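*Asks:* Please read through the structure below; I'll follow up with questions.
The values are calculated or read from the model by the stated rules, or taken from the named source; none is laboratory data. Computed from a predicted model, the values in this text were never measured in an experiment. Backbone-built Cβ (ideal geometry, glycine too); neighbour counts: all protein chains shown. We work out accessible area using only protein heavy atoms, side chains counted, and drop any ligands, DNA or RNA first. Shrake-Rupley method; radii C 1.70, N 1.55, O 1.52, S 1.80 Å.
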Number of protein chains: 2
Amino acid sequence: MKMEKHQTVIKVENETGRVKDKVRSKELRCHTAIKFHMRAFPDIRVNVIYTMVLAIGLCLVVAQFSPLLGFDPKVWCAVMAKLEKLGKPEVSHPPQLISEALFHEKINTSSIDLTHGELRLFKPHGLATHLYIEMSAYRGGPRVFSIVGLASKSLETHHNPPYACEWVSNSTGEVVQGRSHKVLPDWGYGKLYTVVVITCNFAKDVGVDGEDGELILLASYGDQYRQPERIKVLSESKGEYNGSIFNPQNFPYDYVYCGSSVYGNISPQRMREWMAYHARFFGDKAHFILHDSGGFHEDVRKVLEPWIKQGKVTLQNIRQQEIYDGYYHNQFLIVNDCLFRSRFMANWTFFFDVDEYMYVEPTTTLSQVLNENPNITQITIEQVPMAKDICVADNATRGDLKSSWGFEKLVYRKVLKPGLRYDRKYAVQARHAEAAGIHMSMNMLKGQNLYPKGDKIRYYHYHGTINKRGEVCKKFVDAGNKTALQTHDNHYHRLEETIAKMAKDVKLYELNTVGTQPFIV
Amino acid sequence: MKMEKHQTVIKVENETGRVKDKVRSKELRCHTAIKFHMRAFPDIRVNVIYTMVLAIGLCLVVAQFSPLLGFDPKVWCAVMAKLEKLGKPEVSHPPQLISEALFHEKINTSSIDLTHGELRLFKPHGLATHLYIEMSAYRGGPRVFSIVGLASKSLETHHNPPYACEWVSNSTGEVVQGRSHKVLPDWGYGKLYTVVVITCNFAKDVGVDGEDGELILLASYGDQYRQPERIKVLSESKGEYNGSIFNPQNFPYDYVYCGSSVYGNISPQRMREWMAYHARFFGDKAHFILHDSGGFHEDVRKVLEPWIKQGKVTLQNIRQQEIYDGYYHNQFLIVNDCLFRSRFMANWTFFFDVDEYMYVEPTTTLSQVLNENPNITQITIEQVPMAKDICVADNATRGDLKSSWGFEKLVYRKVLKPGLRYDRKYAVQARHAEAAGIHMSMNMLKGQNLYPKGDKIRYYHYHGTINKRGEVCKKFVDAGNKTALQTHDNHYHRLEETIAKMAKDVKLYELNTVGTQPFIV
């Protein structure tokens, strides 16, 4: 667009660049204003030769006819009218007309006066973060719900927007306002997104009459220009509400295992071993919820299939969350979803990884450990870090090395370094937890936490083995020397055969429960 | 949706909540999938009674006819087909069908396998941050351009996405790739958005033949799922290119003032005083670019109007940027835009605020200070902090107190506290700066920086006065005692009349230049 000097207000004749867009001109291309909103019609562009009176008149006429298309010619009119005003006395001009087409979002700019001065436009492109990513919502009782999702990290951090929730009865139309309490359980690790857990409490029971109803979450932007997003997070159809599920007497299982996001080139054999061990460990009244964020490829699914068919394992495909960058495959989001999902399945929910082996001293039982003190609603479990590649060399081992199970041959534990904090994993009574973490819940609603030493219950952590697609043994200790202190990888190690000694029983259990399994390392 | 036990894969009969969405059911409402994309038709909802074969067939037929509406029934088909597969052997299923309607963005999810396991969907809502907010682009020479905008802070921080630029000749269709260099000038202050300055260099001159051409910026997401946004940031029409503007001999001014974003309840009188003082200070060959982010209300504009009419001042309305939360009314964005805008207007561009008064000792001149050493391309200027409310009480002052100008009666400077760093402001040769900051440019391309003491050049900073809509004097010092050290507000103060003594000349200059001005405090 040529800048005609006698028309400009600014006497800077030598200016280049985009400033020319903002001065009066005989030829004004408005395809920019149109382009933004015509998503459904990408190939239609309109070039309009501008004459002041005719064009504005045309605008106003067209504006009456085309709101449905989403094309807002009022935008164009507003821009053109603005340009007209350069050099003229201020004309009162409704400023909210430069709204939807330009901004790609519903935004109220009526408080912004765009009628004076040299107007500069700031044009948005693309979408980096949504306001809210909806995952799930669960009823926690007659008058309480938990909502699990992700929020834009920078918006949450800087605007601390309020959340609101309400229950809408579809039969009566009644809307009941809830009181929402927000928990951010991911310790600030989130990158583009952060996990948000909203507990929505009502002053009275809602939907317990079995009528058709919905839980609505209102997620806000925390600024004066944007209205909250109204999100239907849960619906209960007629007759669906069943209050008896909240009664612990009715829980179908004793234990639920909630796995974190599994990613990477997982060894099917390692997964098979873990599954057989823990199916036996937790017993018949247990259920496993596994989450595939990419790790459960076809060969891994082969060894899980029999357990899934038996109804012992649910494999959740959570791969779609990969497109939203939270923290490590959104693991904090996943464990919170699983927490609420498991709430009325069992008294205790376990959170640990698929390279960690839970263990209870044979002098007691898992049930005794967990239920000894009824006040305890969370137990954190001590870790025994295991070496990922030290094995004992003896004739028996060498021969069957390849076909031995991982935990059968990895028999060295790392000697704990004094003063170092080692991670723990945990079990909670999920109905008493408001939110979950990876190593513990910081949001218990009731009861006390126990942080026992590992004498009765502990887990053996074979870190670095789960995605090892080959022989794990790299260093061999002579059988005659096996009880001696070993130095390897900047650590002291001691012989630790506790889990290895269980291999025979686990293999037998597997054979009796699911039959023969393929051996795919 | 009722959960029918014999159809489910999961044997958890007592589960509540959204898990039910994912199991096979006789009645499936798909208005959710439809709702997301039917922006132009908010009131059309489709309830469809599902029978397996008929519905999928209907889907496929409708899918051929309705892409233009934006409604993608393939989404619905994909979801239903997925639900069908529960319990059946895996069917190869093109997974990218759950794309556009669900995601509200162009996203390539073809690498994500959604065909196995229990599918969990993560549904986006709202828009928290765009990828890029386009402000401006300027030519810097025959083969270089500068592009100024905002990027999503969290995405820039965590993904460090690449930027690319190219020149497209509309007449020949030739596309020339540029080399882009990114500068983030806002010191990490950005909240939802951070300022990005891209310098785009070409290996050869582009568009210098005066042909029709465009500069394209490609802003990326830095992930495997999203394609870059292609943004036309600058266009030059036939005959527009004029290489002579780059020659300093042709610069129309000696000095350009670039003001930061002005916000708040600004006192018109304070602004009037500043304007008159600096119009006189910088002389005839100077231009002022002011930026209104809300501070230049009607009364302030009254006192600026005569200067605007004379062509000495440009008032840019930047209020629209308020909807994008960068840092303090996007001041870093604004000063960078102004830097490039001023590049070929004058040899020197000044960056300081409208409550700061530039001063040069009468033994020298501004030109001498700046141009003494031709190697110097940036000069940082020392601050003299002035008390905002201490005045001298004498008969003359008292009588005219109300009508005296601010800098006429505020005659105390703060005694500098040892060891404290005081802010500076600065002047640069804009054509040698790649980007700008508030207190200096960290991105000079040529020459050296000078950080002189304040003996020849300094500025007096009347912090806390510019949005004082009333009498500034609060504490009065007896005339007889005025040279004594004053203690006030946890600071020592000394008499400082340098600027005050210039009031008479400034008022006269104002009268001669723009005539009488209203007195609006």
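*Asks:* Do we find a residue being touching a residue at least 12 places away in the same chain (Cβ under 8 Å), in contact with a helix residue (DSSP H, G or I) (Cβ under 8 Å, 6 or more places away or on another chain) and open to solvent by less than 40 Å² (accessible area, probe 1.4 Å) anywhere in the range B:474-496?
*Replies:* For the range B:474-496, residues touching a residue at least 12 places away in the same chain (Cβ under 8 Å), in contact with a helix residue (DSSP H, G or I) (Cβ under 8 Å, 6 or more places away or on another chain) and open to solvent by less than 40 Å² (accessible area, probe 1.4 Å): absent.
*Asks:* Just to check your reading of the model, which residue among B:GLY283, B:GLY294 is open to solvent by 10 Å² or more (accessible area, probe 1.4 Å), touching a His at 6+ places or on another chain (Cβ under 8 Å) and in the same structural domain as B:GLU510 (by TED's automatic domain parsing)? Before you say what the answer is, go through the steps one by one.
*Replies:* Working: B:GLY283 fails: touching a His at 6+ places or on another chain (Cβ under 8 Å).
Step by step, each of B:GLY283, B:GLY294 is checked, and only B:GLY294 is open to solvent by 10 Å² or more (accessible area, probe 1.4 Å), touching a His at 6+ places or on another chain (Cβ under 8 Å) and in the same structural domain as B:GLU510 (by TED's automatic domain parsing).
*Asks:* Among the listed residues A:GLY515, A:GLY454, A:GLY437, which satisfies the condition of being of a type outside the set (Lys, Arg), surrounded by fewer than 17 Cβ atoms within 10 Å (Cβ to Cβ) and within 30 Å of A:VAL335 (Cβ to Cβ)?
*Replies:* On the way: A:GLY515 fails: within 30 Å of A:VAL335 (Cβ to Cβ); A:GLY437 fails: surrounded by fewer than 17 Cβ atoms within 10 Å (Cβ to Cβ).
So the residue among A:GLY515, A:GLY454, A:GLY437 that is of a type outside the set (Lys, Arg), surrounded by fewer than 17 Cβ atoms within 10 Å (Cβ to Cβ) and within 30 Å of A:VAL335 (Cβ to Cβ) is A:GLY454.
*Asks:* Can you list residue pairs whose Cβ atoms sit under 8 Å apart, with the first residue in the range A:287-304 being more than 10 Å from chain B (Cβ to nearest Cβ) and touching a residue at least 60 places away in the same chain (Cβ under 8 Å) and the second being basic (Lys, Arg) and crowded, with 23+ Cβ neighbours inside 10 Å? Count only pairs 6 or more apart in sequence or on different chains.
*Replies:* A:VAL303/A:ARG272
*Asks:* Still on this structure, please answer the following. Is it the case that the range A:362-376 has a residue that's more than 19 Å from A:MET440 (Cβ to Cβ) and among the aliphatic types (A, V, I, L, M)?
*Replies:* no
*Asks:* Restricting to the range B:173-188, what's the tally of residues that are acidic (Asp, Glu) and closer than 12 Å to B:LEU150 by Cα? Even if it seems obvious, please write down each step before you answer.
*Replies:* Filtering the range B:173-188 down to residues acidic (Asp, Glu) leaves B:174, B:186.
Still in the running and closer than 12 Å to B:LEU150 by Cα: B:186.
Going through the range B:173-188 one residue at a time, the tally reaches 1.
*Asks:* For residues that are facing chain B (nearest Cβ under 7 Å) and more than 14 Å from the chain's Cα centre (by Cα), scanning just the range A:132-146, find the one that is surrounded by the most Cβ atoms within 10 Å (Cβ to Cβ).
*Replies:* Kept after step one, since they are facing chain B (nearest Cβ under 7 Å), are these residues of the range A:132-146: A:132-139.
Checking which are more than 14 Å from the chain's Cα centre (by Cα) leaves us with A:138-139.
Numbers: A:TYR138: 24, A:ARG139: 27.
Applying the filter and picking the extreme gives A:ARG139.
*Asks:* For residues that are of a type in the set (Ser, Thr, Tyr) and under 30 Å from B:SER152 (Cα atoms), scanning just the range A:147-189, find the one that is most open to solvent (accessible area, probe 1.4 Å). Walk me through it before giving the result.
*Replies:* Of the range A:147-189, the ones of a type in the set (Ser, Thr, Tyr) are A:152, A:154, A:157, A:163, A:169, A:171-172, A:180, A:189.
Add one more test, that the residue is under 30 Å from B:SER152 (Cα atoms), and what stays is A:152, A:154, A:157, A:163, A:180, A:189.
Numbers: A:SER152: 2, A:SER154: 9, A:THR157: 85, A:TYR163: 28, A:SER180: 39, A:TYR189: 119 Å².
Here the answer is A:TYR189.
*Asks:* May I ask you to list the residues in the range B:318-355 that are free of Cβ contacts under 8 Å to residues at least 60 places away in the same chain and within 25 Å of B:HIS461 (Cα to Cα)?
*Replies:* Passing the criteria: only B:ILE318.
*Asks:* Give the residue, chosen from A:LEU445, A:LEU450, A:LEU485, that is within 16 Å of A:MET358 (Cβ to Cβ) and either outside the structural domain of A:ARG341 (by TED's automatic domain parsing) or at pLDDT 95 or above (or both). Walk me through how you get there before you give the answer.
*Replies:* Working: A:LEU445 fails: within 16 Å of A:MET358 (Cβ to Cβ); A:LEU485 fails: within 16 Å of A:MET358 (Cβ to Cβ).
Checking each option against the conditions leaves just A:LEU450.
*Asks:* Let me ask something else about it. Determine, yes or no, whether A:ALA203 is among the hydrophobic types (A, V, I, L, M, F, W, C) and open to solvent by 40 Å² or more (accessible area, probe 1.4 Å).
*Replies:* Working: among the hydrophobic types (A, V, I, L, M, F, W, C): yes; open to solvent by 40 Å² or more (accessible area, probe 1.4 Å): yes.
So A:ALA203 fits the description; yes.
*Asks:* Further question: Could you check, for the range B:365-376, whether at least one of its residues is among the hydrophobic types (A, V, I, L, M, F, W, C) and assigned to a strand (DSSP E or B)?
*Replies:* Initial filter on the range B:365-376 (among the hydrophobic types (A, V, I, L, M, F, W, C)): B:366, B:369-370, B:376.
Of the ones still in play, those that are also assigned to a strand (DSSP E or B) are B:376.
Yes; the residues of the range B:365-376 include at least one that is among the hydrophobic types (A, V, I, L, M, F, W, C) and assigned to a strand (DSSP E or B).
*Asks:* Here is a list: A:SER180, A:SER152. Which entry is away from chain B (no Cβ under 12 Å), among the polar types (S, T, N, Q) and on the phi < 0 side of the Ramachandran plot?
*Replies:* Details: A:SER152 fails: away from chain B (no Cβ under 12 Å).
That would be A:SER180, the only listed residue that is away from chain B (no Cβ under 12 Å), among the polar types (S, T, N, Q) and on the phi < 0 side of the Ramachandran plot.
*Asks:* Let me ask something else. Any chance you could count how many residues in the range A:316-348 are in a strand (DSSP E or B) and either open to solvent by less than 10 Å² (accessible area, probe 1.4 Å) or farther than 25 Å from A:SER441 by Cα (or both)? So that I can check it myself, show each step before the final result.
*Replies:* The first filter runs over the range A:316-348 and keeps only residues in a strand (DSSP E or B), leaving A:316-317, A:346-348.
Within this subset, residues satisfying the condition of being either open to solvent by less than 10 Å² (accessible area, probe 1.4 Å) or farther than 25 Å from A:SER441 by Cα (or both) are A:316-317, A:346, A:348.
Of the residues in that region, 4 qualify.
*Asks:* May I pose another question? Given the conditions (1) loosely packed, with under 14 Cβ neighbours inside 10 Å; (2) in contact with a helix residue (DSSP H, G or I) (Cβ under 7 Å, 6 or more places away or on another chain); (3) under 22 Å from B:ALA279 (Cβ atoms), report the number of the one that B:ILE499 does not fulfil.
*Replies:* Answer for B:ILE499: the failing condition is (1).
*Asks:* Mind listing just one residue for me: the one in the range A:209-260 that is assigned to a helix (DSSP H, G or I) and within 8 Å of chain B (Cβ to nearest Cβ) and, of those, surrounded by the fewest Cβ atoms within 10 Å (Cβ to Cβ)? Show your work before the answer.
*Replies:* Of all residues in the range A:209-260, those assigned to a helix (DSSP H, G or I) come to A:243-246, A:248-250.
Imposing the further condition that a residue be within 8 Å of chain B (Cβ to nearest Cβ) reduces the set to A:245, A:250.
Values: A:ILE245: 18, A:ASN250: 11.
Selected residue: A:ASN250.
*Asks:* Here is a further query. Here are some residues: B:GLU361, B:GLU372, B:GLU356. Which one is over 30 Å from B:ILE245 (Cα atoms) and surrounded by fewer than 20 Cβ atoms within 10 Å (Cβ to Cβ)?
*Replies:* On the way: B:GLU372 fails: over 30 Å from B:ILE245 (Cα atoms); B:GLU356 fails: surrounded by fewer than 20 Cβ atoms within 10 Å (Cβ to Cβ).
The match here is B:GLU361.
*Asks:* Further, regarding this structure: Scan (1) under 30 Å from B:ARG431 (Cβ atoms); (2) open to solvent by 20 Å² or more (accessible area, probe 1.4 Å) for the single condition B:ILE381 breaks and write down its number.
*Replies:* Result: B:ILE381 fails condition (2) only.
*Asks:* Which condition breaks for A:GLY470 when tested against (1) within 25 Å of A:PRO362 (Cα to Cα); (2) not in a strand (DSSP E or B)?
*Replies:* Failing condition for A:GLY470: (1).
*Asks:* One residue is enough: does the range A:393-400 have a residue meeting the conditions surrounded by 14 or more Cβ atoms within 10 Å (Cβ to Cβ), touching a helix residue (DSSP H, G or I) at 6+ places or on another chain (Cβ under 6 Å), within 20 Å of A:LYS501 (Cβ to Cβ) and modelled with pLDDT under 95?
*Replies:* yes
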